[in-house]
1. Where nothing but the Cβ of Lys and Arg (+1) and of Asp and Glu (-1) is charged, how large is the charge dipole of segment 465-591 around its Cα centre, in debye to the nearest 20?
2. So which lysines pass the test for K593, namely a Cα distance under 16 Å, with those fewer than 8 places away in the same chain ruled out?
3. List S530, S447, S569, S173 from most exposed to least, where exposure is judged by having the fewest other Cβ atoms within 10 Å.
4. Whole percent per 10 Å bin, from 0 to the bin with the longest distance: what is P(r) over all C-alpha pairs of the chain?
5. From Cα pairs below 8 angstrom and at least 6 apart in sequence, can you work out the relative contact order of segment 471-593, rounded to a whole percent?
6. Taking neighbour Cβ counts within 10 Å as the exposure measure, how do S487, S171, S137 sort from fewest upward?
7. Helix-only mean residue ellipticity at 222 nm, the chain, DSSP H runs n ≥ 4 weighted -39,500 (n - 2.57), per residue, nearest 500. What is it?
8. Dipole size in debye (nearest 20) for the chain around its Cα centre, Lys and Arg Cβ +1, Asp and Glu Cβ -1?
Amino acid sequence: MFRRNPFARPPRALPIALLAAFCVATCGVATAGETPTQRDARMEWWRDAKFGMFIHWGLFAVPAGEWRGKPVPGFSEWLMNQGRIPVADYAKLAQDFNPVKFNADEWVGIAKAAGMKYLVITAKHHDGFAMFESAASPFNIVAATPFKHDPLKDLAAACAKQGIKLGFYYSQSQDWHHSGGAGNHWDPVPGDYDQYLEKTAVAQVRELLTKYGPVSVLWYDTPRRMTLARAQPFLALQALQPGLIFNNRLMTPDPAKDHLPGDTETPEQFIPPNGYPGKDWETCMTMNDSWGFKKDDHHWKGVETLLHNLSDISSKGGNFLLNVGPTAEGEIPGPSIERLKAMGAWLRTNGEAVYGTQAGLFPRRLPWGRTTRKALPDGGTRLFLHVWDWPQDGKLLLPGMHQKAGAGRMLAGGAVVSAMDSPGGLVVGLPGKPDDSPIHVAALDFSGPLTTDQQMITAGADGRVVLSVEDAELFGEDDGKPVVEGSGETASFRAAGGWKARYSFQTAAEGLWSVCAEVSLAAYNRLNVSAPGPFGRSIAAAIQPFGDGPESFGPVELGVIKLPAGTNSLELKSEMNEVRPIGVRRIWLTPVK
Ligand code: H79
């Protein structure tokens, strides 16, 4: 399989679902001269940490998504680009950047109380403004603002004091301000890209790696125009920080000959359906819509969603880098602080199910939640059951598991959890009644490693892959989550507005599949099917309303899709943005000869 960096020049016309397909980049190549054991040792703290704070802070916090009184659509840190603002006009914002309320100890304290173990702050974003004192460019917070102070110095000290690992985000390629930097097409500053790399980017990364004590993470972004030769000076500098971990966005490899340097996969704004088995990965995600502070962005995710994300990510073996966008005054927004506090409270009781854990056991989606596991010193394994939906009868099935369970308890309160074998697997009895915690966690101990004979969905004897409603992971926008009706053969889900259904299954060989669905709909609709993967592409079918209303289901052929061998996931959604109710029963894939 070829290697592709997620943010290397995404083809413009492709829909987001397809861009996500390209985000399945690969890495995990050890740093030159490092053995696998040394690499494991270097990655250990990061693998255990699970939860970190991303901080997007920069000059963009001053306009906060508005230019000359008018809102500019998109991320606030992209305002200069989206508003096509001339370099000289944008640079004047520095005169109004005076974050007098900034308090590094408070920020680090907020991260720590949230249960976060590391933070990654934008030292320089695409706008080219350095949030640190830099001899390489006067366009920095010390030289160009009334604040005249280096906040990264304070943060480094606060992190050291409070035991939080420090990381820097650095936009090495895109720089809309400096001569030769990539990405400024509206008011380009003439100059040579290689000169820019040497005089600005490499010089500033050297400053970041030499003037702030221990740096644990370097987070590069949007490697437009970055080749292996251009990456070399950055790679060489990294030796200045033993143990440094860096992401997979330094460069775009030439698929014919290069490997992609970097320690971590970086899915942005999504959770990979099956994780990246065998690789280190970190989902970065905003808490509202914008990364940088945007004054009219009130589209906050709820605490339950944020905790489900942390639970889902850890069940797939990844880390969660959750973003805050502080204001130009230097404050983390109140709604972010509230949510972080609630996450911290949950983690203080249930953190054992997250920190230092590995991906859960079951290859198929569980109807009640997620699992993680941890090896015990005596050779046994502790399985954590993250209960998202407490079953009415208090009983959970661990499908295909037939090992004898030892002691079990709820992490909150310690009440005893029972487990009994049954033909379908272990039946776990949860004690008492659920309270208002978004996730209740049970821990069960086993001797030795865990096994389940639960299998991923595969093709049946007739060659078809049949995906039922129970197999679907359902997503809704805001309050519009799809509703499941019925059970067995005739189970269906009903959805309207923005919704998405995701299915995971295994294919034995690469090939073409015809996708069909049994649907019921009251109005014209267009369904979109996509499979994130090397051949990811969307197919869509215009389907007419048929039958006698919502009770009547009929088959519809959606099109043909190419899938690789192995684990696949397929997403189904409506292309109609307006509310168009639809019912979906089974989906099936038939191999195309
Ligand atoms: O720092 C955050 C984003 O600013 C940065 N990565 C995260 C961590 C990022 N850079 N590029 N992208 C994300 C891809 C998204 C590009 C978009 Fe746009 C910016 C979509 C809309 C605004 C550029 C301008 C592409 C379309 C219009």
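A short reminder: the numbers here are calculations on the coordinates, not readings from a lab. All values derive from a computational prediction rather than experimental measurement. Note that we place each Cβ from the backbone using ideal geometry, even for glycine, and neighbour counts take in every protein chain shown.
1. It works out to roughly 340 debye.
2. Excluding near neighbours in sequence, the set is K562.
3. Going from least to most buried by this count: S447, S569, S530, S173.
4. Percent of Cα pairs in each bin: 3, 16, 25, 26, 19, 9, 2, 0.
5. Answer for segment 471-593 is 36 percent.
6. Working: S487 11, S171 26, S137 19.
Least crowded to most crowded, the residues run S487, S137, S171.
7. Rounded to the nearest 500, it is -5000 deg cm²/dmol.
8. The calculation lands at about 740 debye.
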